[in-house]
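Report on one structure; see the data block that follows.
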């Protein structure tokens, strides 16, 4: 299964709302809330389309950080409304204690749960001793944030590896034309995992918002010979250009690369959103291309795993 890991920012959630009806059951997004504005209604629209969702109940990011009690209320209401479609998730970090794990498990007795492992030293026995939930939880490990002996303590059929393939640069002007993304979709099973995930084309990164950029960069992943790369279309407008002008400059480069109509592997709904925007000439601010690129990436990965090019066990 594919477990993309994202925040709850508007265009990250809306990307899945747009895609939900067309994605396979092999896709389960994990959302870490950083804002709860309209979050519940947007998740409802995803669930109504038949896609399953995991929600982290103890987020440590946001301005302000969402209150756990409110997230728990939302998750509880969604479980009642869509039983079997919500996987409550606990992020286990260096600040988590055994009591937190026990309380989380007791809240969701009989519900499929997820543990997201981030920089902690609990061993498998220490966690399992607090889990009485009779449905085996999924254990999601961020690459590099747990030693192998802890990961290997959990059963393979419950292990998921998330690797952030997006090579973030400090400023948009530093992005090369292309960079490597990841090949995890092809080899996660041989690495000892039963599922995998990534952070799409935004990376494992949170910021409340940015100022006026010196360049606009549009990011578009691409499958290439059992690997995924990321294309970066960076504006080259004159200094002092408006953000809108820089966006159209970058989008023109993207259009030249993907074609109109887009050729494979760019014939996705996310890329068609870019194409339609280019044709319409209607500027929608920089949240819009973020949504387009997420949609394209998730749909592309779903095609790879749904078309039998990856062996699931």
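Each reported figure results from applying straightforward, stated rules to the coordinates on display, with no laboratory input. Owing to the predicted nature of the structure, the values given are computational and were not obtained by experimental measurement. Here the Cβ positions follow ideal geometry from the backbone for every residue, glycine too, while neighbour counts run over all protein chains shown.
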Expected sort for 200-206, 58-64 on mean C-beta neighbours within 10 Å, highest first, is 200-206, 58-64
Sorted from largest down, what three extents in whole angstroms do the Cα atoms of segment 84-171 have along their principal axes?
-> 45, 30, 26
If one compares the long axis through the Cα atoms of helix 98-107 with the longest principal axis of the Cα atoms of the chain, the angle in degrees, nearest 10, works out at 90 degrees
With springs only between Cα atoms under 10 Å, which of 279, 132, 216 fluctuates most in a Gaussian network model of the chain?
-> 279
Fewest to most neighbouring Cβ within 10 Å: what's the order for 129, 93, 148?
-> 148, 129, 93
Cα centroid separation, segment 87-160 to segment 229-273 (Å) | 40 Å
Have a look at segment 214-313 and give its Rg and Dmax from the Cα atoms, expressed in angstrom.
-> 14.6, 54
In which sequence would 8, 225 go, from the one with the fewest C-beta neighbours within 10 Å to the one with the most?
-> 225, 8
Taking only Cα atoms and a 10 Å spring cutoff, compute GNM fluctuations for the chain and point out the largest among 217, 146, 285.
-> 285
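Looking at the chain, what % of its DSSP beta bridges pair antiparallel, to the nearest 5?
Working: 11 of 37 bridges.
Antiparallel: roughly 30 percent of the beta bridges in the chain.
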How far is helix 68-81 tilted, in degrees, relative to the longest principal axis of the Cα atoms in the chain, given as a value from 0 to 90 rounded to the nearest 10?
-> 90 degrees
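What translational D, rounded to a whole number of µm²/s, comes out for segment 1-162 from Stokes-Einstein when the hydrodynamic radius is the Kirkwood one over Cα pairs, at 20 °C and 1.002 mPa s? Please list the in-between numbers first.
Details: Rh = 16.0 Å.
The Stokes-Einstein estimate is 134 µm²/s.
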For 232, 149, what's the fewest-to-most ordering of other Cβ within 10 Å of each Cβ?
-> 149, 232
Taking max minus min of the Cα coordinates of segment 186-265 on each principal axis, largest first, gives extents in Å of 50, 35, 16
Relative to the first principal axis of the alpha-carbon coordinates of the chain, what is the inclination of helix 287-306, with its axis defined by its Cα atoms, in degrees from 0 to 90 and to the nearest 10?
-> 60 degrees
Considering only 108, 166, 87, give the residue with the highest GNM mean-square fluctuation for the chain, with springs between Cα atoms whenever their separation is below 10 Å.
-> 108
